[in-house]
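The values are calculated or read from the model by the stated rules, or taken from the named source; none is laboratory data. A quick note: this is a predicted structure, and the numbers were derived from the prediction, not measured. Virtual Cβ from ideal backbone geometry, glycine too; neighbours counted across all protein chains shown.
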Amino acid sequence: MQPLIDTHIHLSRWPCRRLPLDETPSLVEALQSQGVVQAWAGSFDALLHNDIAGVNGRLAEECRRHASFLIPFGSVNPMLPDWQEDLRRCHEQFRMPGIRLHPNYHGYRLDDPVFGELLRLCAERKLAVQLSALMEDKRVQHRLLPVPPVDLAPLPEAMKRAPGVKLQLLNAFQVLRGELLLRLAAAGVCFETATIEGVGGVHKVLGQIPQERLLFGSHAPFFVFESAKLKLAESDLTAEQMKAVCEENARRFISL
Amino acid sequence: MIWDLHCHFSGVSGKTPQERMAQLIGFADRMGVERLCVYMGMSWSRDPSPEEFRKQNDDVLQALKDWSHRAFGFVYVNAKHVQESLEEINRCIGDGPMVGVKLWVAHNCRSEELDPIVRRTAELKAVIFQHTWLKTDGQEPAESTPMDLAQLASRHPEATILCGHTGGNWEIGIRAIRPFRNVFADTGGGDPAAGFVEMAVRELGAERVIFGSDIGGRSFASQLAKVVGADIPEASKKLILGENLKRLLTPILREKGVRL
Ligand SMILES: [Zn+2]
């Protein structure tokens with residue numbers, strides 16, 4: 001079995017429903033039984049909790065219980081006072097390889113100067129950045145929680161303020177197409193598989209962006225993990241492409 | 001055995017329906033899907049004139065010429081044009097090879113214009129597939145919700161009705177159709193949200209849940225995952241992936257002399 005690094009999972013509880021695998025031990029067991037050898041975890045709590053320091057502390061602790069399998073990606077909300085301290089703790093105290101951002105849940109646009117500043121600090125600290133474009137289809141959101149997807153158009157400009165930043169977009173493929181996708185890929189941005197759709201979708205994406213830019217990601221446990229895995233089977237990929245997407249690109253992404 | 005309730009001629013290249021089918025079948029083979037129910041998708045027409053829906057159905061008939069061993073056709077109609085829709089159902093199902101009727105977003109399914117269409121479909125032992133979406137961010141003007149479909153189903157206990165997408169917002173859609181034993185949940189078309197199929201099986205029973213993918217805009221992968229990745233018994237997965245649809249189509253297939 002080709003080992004998989006799942007770059008996109010979540011711990012704790014989705015705010016609007018219980019999920020079949022929202023207990024960490026059962027999630028870890030399910031992922032391992034599917035051939036996942038490492039999973040990069042954020043926390044659902046980061047979406048709505050204002051005590052982000054608490055969220056990140058719990059995430060780090062939960063990942064420590066499954067050390068070397070779960071890799072924590074803490075969150076930073078630059079709309080909160082003293083967010084720089086959260087960033088410092090993610091890096092220095094919890095030794096996380098990167099952070100995960102939710103601009104739409106936290107309420108800022110990518111042309112806000114604070115976003116550029118956050119990217120710059122991450123580049124300086126050599127922290128990888130995962131930016132989640134959306135969590136769920138806007139047609140099915142809870143009526144009291146309509147959160148539109150992140151507008152990614154200002155991203156190329158913002159990245160200019162942070163030379164060398166390692167950036168991966170999560171859940172980008174429902175909102176990102178055409179010229180912007182190509183520009184971001186050319187600027188070194190990475191992506192993941194969770195929201196790739198259409199028959200043979202992974203193959204089609206690899207026809208558009210360099211093979212080094214696509215990482216395996218499932219968005220589990222919100223999405224059924226098997227979705228991402230079956231997409232690899234649906235596309236006719238070369239052995240080299242398969243290895244790159246499943247494992248190698250991810251290893252390269254966080255070994256800065 | 002995997003049968004797919006919900007397929008369109010989209011997401012692949014090819015000038016003719018046969019060419020597109022050949023590609024879709026290629027993916028179906030990779031994923032172990034044996035049979036595809038096909039309707040619409042060479043182009044899209046949300047409120048088709050009779051000429052337009054006849055053209056869409058000609059596409060399906062053309063595809064079936066080469067692929068009748070792998071595909072079943074559903075006839076696309078518009079309840080705004082009742083007489084022409086009935087004639088089209090007679091042409092494609094009564095006198096033709098198709099086995100189901102597809103209704104989309106042209107006319108809300110609560111309206112009484114659907115009644116003769118549903119009655120004729122049931123007479124022919126065919127199934128009705130009605131698109132439903134309950135959108136948090138706003139419906140299309142005439143778009144049906146699962147609640148609208150429940151209303152229709154309550155008037156037609158004799159018909160076999162498939163609730164397309166289970167309303168997208170499936171937690172609500174499942175509840176809306178729960179009281180109506182003649183309504184079945186289509187799993188196709190939404191994101192592979194975990195828990196959908198588990199809830200559907202819990203509330204409707206596995207016999208009332210049917211796998212559909214909504215390819216080519218969707219992947220077989222994301223849609224199959226909802227079922228194969230669900231925390232339900234293997235026997236339930238078999239029902240959902242094919243046995244239920246086979247059971248619903250058996251009367252009309254038998255009538256048409258289709259050997260399975
Ligand atoms: Zn469809």
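For B:Ser213, all conditions in the list (1) facing another protein chain (nearest Cβ under 7 Å); (2) under 16 Å from B:Ile2 (Cα atoms); (3) assigned to a loop (DSSP other than H, G, I, E, B) hold save one; what is the number of the exception?
(1)
Any residue in the stretch B:166-184 that's more than 11 Å from chain A (Cβ to nearest Cβ) and in contact (Cβ under 8 Å) with a residue 40 or more places away in the chain: show its pairings with residues that are among the basic types (Lys, Arg) and in a helix (DSSP H, G or I) at Cβ separation under 6 Å, as long as the two are six or more apart or on different chains.
Taking only residues 6 or more apart or on different chains, the pairs are B:Phe184/B:Arg208.
Taking the condition more than 11 Å from every other protein chain (Cβ to nearest Cβ), surrounded by 15 or more Cβ atoms within 10 Å (Cβ to Cβ), in a loop (DSSP other than H, G, I, E, B) and of a type outside the set (Asp, Glu), does A:Val165 pass?
yes
Does B:Ser144 satisfy being within 14 Å of another protein chain (Cβ to nearest Cβ), within 21 Å of B:His131 (Cβ to Cβ) and at pLDDT 95 or above?
Against the criterion (within 14 Å of another protein chain (Cβ to nearest Cβ), within 21 Å of B:His131 (Cβ to Cβ) and at pLDDT 95 or above), B:Ser144 does not qualify.
Taking the condition among the small types (Gly, Ala, Ser) and not in a loop (DSSP other than H, G, I, E, B), does A:Ala158 pass?
yes
Report, by residue number, each residue of the stretch B:30-56 that is within 15 Å of the ligand (Cβ to nearest atom) and either within 17 Å of B:Gln223 (Cβ to Cβ) or of a type outside the set (Phe, Trp, Tyr) (or both).
B:Leu36, B:Cys37, B:Val38, B:Tyr39, B:Met40, B:Gly41, B:Met42, B:Ser43, B:Ser45, B:Arg46, B:Pro48, B:Gln56
Output the residues belonging to the stretch A:137-155 that are assigned to a loop (DSSP other than H, G, I, E, B) and crowded, with 22+ Cβ neighbours inside 10 Å.
Passing the criteria: only A:Val150.
Mind checking whether some residue in the stretch A:26-47 is in a helix (DSSP H, G or I), touching a helix residue (DSSP H, G or I) at 6+ places or on another chain (Cβ under 6 Å), in contact (Cβ under 8 Å) with a residue 24 or more places away in the chain and of a type in the set (S, T, N, Q)?
So far as the stretch A:26-47 goes, no, none of its residues is in a helix (DSSP H, G or I), touching a helix residue (DSSP H, G or I) at 6+ places or on another chain (Cβ under 6 Å), in contact (Cβ under 8 Å) with a residue 24 or more places away in the chain and of a type in the set (S, T, N, Q).
Within the bounds of the stretch B:194-203, is there any residue that is crowded, with 22+ Cβ neighbours inside 10 Å, farther than 17 Å from B:Trp104 by Cβ and facing another protein chain (nearest Cβ under 7 Å)?
Yes, the stretch B:194-203 has at least one match.
Being part of a loop (DSSP other than H, G, I, E, B) and in contact with a helix residue (DSSP H, G or I) (Cβ under 6 Å, 6 or more places away or on another chain) is the filter; apply it to the stretch B:145-181 and report the residue that is farthest from the ligand (Cβ to nearest atom).
Looking at residues that are part of a loop (DSSP other than H, G, I, E, B) and in contact with a helix residue (DSSP H, G or I) (Cβ under 6 Å, 6 or more places away or on another chain), I get B:Glu158.
Looking only at helices (runs of 4 or more DSSP H) that lie completely in the stretch A:188-256, which have at least 1 residues being away from chain B (no Cβ under 14 Å) and either touching a strand residue (DSSP E or B) at 6+ places or on another chain (Cβ under 8 Å) or within 19 Å of A:Pro72 (Cα to Cα) (or both)?
Hits in the stretch A:188-256: A:201-206, A:249-254.
More than 9 Å from chain A (Cβ to nearest Cβ), within 16 Å of the chain's Cα centre (by Cα) and away from the ligand (no atom under 16 Å from the Cβ): which single residue out of B:Lys238, B:Lys246 fits that description?
Residue meeting the stated conditions: B:Lys246.
Could you please find all residues in the stretch A:56-83 being charged (D, E, K, R) and in a helix (DSSP H, G or I)?
Within the stretch A:56-83, A:Arg58, A:Glu61, A:Glu62, A:Arg64 meet the criteria.
Would you point out which residue out of B:Ala225, B:Ala153 is within 13 Å of another protein chain (Cβ to nearest Cβ) and crowded, with 24+ Cβ neighbours inside 10 Å?
None of the other options fit; the residue is B:Ala225.
From (1) loosely packed, with under 15 Cβ neighbours inside 10 Å; (2) at pLDDT 95 or above, pick out the condition that doesn't hold for A:Leu256.
Of (1) loosely packed, with under 15 Cβ neighbours inside 10 Å; (2) at pLDDT 95 or above, only one is false for A:Leu256: (2).
For B:Ile252, only one of the following conditions fails: (1) touching a residue at least 60 places away in the same chain (Cβ under 8 Å); (2) in contact with a helix residue (DSSP H, G or I) (Cβ under 6 Å, 6 or more places away or on another chain). What is its number?
Going through the list (1) touching a residue at least 60 places away in the same chain (Cβ under 8 Å); (2) in contact with a helix residue (DSSP H, G or I) (Cβ under 6 Å, 6 or more places away or on another chain), B:Ile252 breaks only (2).
Run B:Ile128 past the list (1) over 14 Å from B:Asn78 (Cβ atoms); (2) hydrophobic (A, V, I, L, M, F, W, C); (3) within 15 Å of the ligand (Cβ to nearest atom) and report the number of the one that doesn't hold.
Checking B:Ile128 against (1) over 14 Å from B:Asn78 (Cβ atoms); (2) hydrophobic (A, V, I, L, M, F, W, C); (3) within 15 Å of the ligand (Cβ to nearest atom), the one that fails is (1).
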